[in-house]
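Quick notes on the structure that follows.
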Amino acid sequence: MGRISQPLRERSLDYASLGDTVLVARAKAGDRHALEALCVRHAPRVERLARHLLRDPEDARDAAQDALAKLCVRLRQFRGEAQFSTWLHRLVVNTCRDAAERQRTRVHDPLPDELGVDLEHDPTRGVRITELRRELCDSLADISPEQAQVIVLKDAMGYTFEEIASAAGMPVGTAKCHAHRGRNRLRERLQQRDVA
């Protein structure tokens with residue numbers, strides 16, 4: 001009787017309503033539905049973070065998929081010393097860092113992703129947005145990876161310095177320093193381009 005009721009209980013369980021802690025525990029115990037629920041829940045955030053950390057949209061999609069695959073393989077390594085979202089964030093950042101290293105070996109111009117504007121009605125706006133994105137990506141690529149990471153997480157993703165410090169494994173003061181120095185370098189680079 002116990003063998004029959006266990007699968008029925010798992011199928012009738014609303015995994016979407018369970019918290020990360022419960023899903024992680026169940027997934028580590030071999031519950032594939034819990035692992036799937038974790039992936040589905042966190043996939044949008046993983047994809048957003050990858051898009052902000054990598055210049056190329058295709059590389060970002062690949063890195064997001066790679067990070068989710070690593071989640072499935074490495075979940076047993078999660079010890080629960082930090083929140084699951086913090087552990088996953090670090091996994092995504094490391095995956096994107098590896099992808100960026102591979103990206104540096106290739107020479108290409110990033111393709112503009114969806115601009116979110118109707119180019120038929122305002123083609124100049126689309127061109128300006130594409131140029132601004134390219135300049136920003138180029139400028140981010142020219143500052144240190146740590147500064148770029150903190151700036152993207154703080155200014156684009158809205159993380160607090162405490163969250164960034166926890167995810168990146170650095171003191172809060174270091175994260176603030178990276179943000180300050182990185183913003184100054186970006187400002188200088190963008191002003192130089194305006195003058196030229």
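Please treat every number below as a calculation from the coordinates, not as lab data. Every value quoted in this text rests on a predicted model; they were computed, and no experiment measured them. Note that we place each Cβ from the backbone using ideal geometry, even for glycine, and neighbour counts take in every protein chain shown.
Label sites at residue 22 and residue 58, each approximated as a point 7 angstrom past Cα along Cα to Cβ, lie 4.3 nm apart. Taking label positions 7 Å along the Cα-Cβ direction at both residue 29 and residue 101, the computed distance is 3.8 nm, reported to one decimal. Of all lysines in the structure, the ones whose alpha carbon falls short of 29 Å from that of residue 176, not counting any fewer than 8 places away in one chain, are 154.
Within the same chain, lysines fewer than 8 places from residue 70 are excluded, and of the rest, those with a Cα less than 22 Å from its Cα are 28. Normalised by the number of residues in the stretch 12-108, the average gap of Cα pairs under 8 Å and 6 or more apart makes the relative contact order 26 percent. Dividing the convex hull volume of the alpha-carbon atoms in the stretch 12-108 by its residue count gives 90 Å³ per residue.
Annotation: extensible slack from residue 134 through residue 180 equals 14.4 nm (criterion: 0.36 nm per residue apart, minus Cα-Cα distance).
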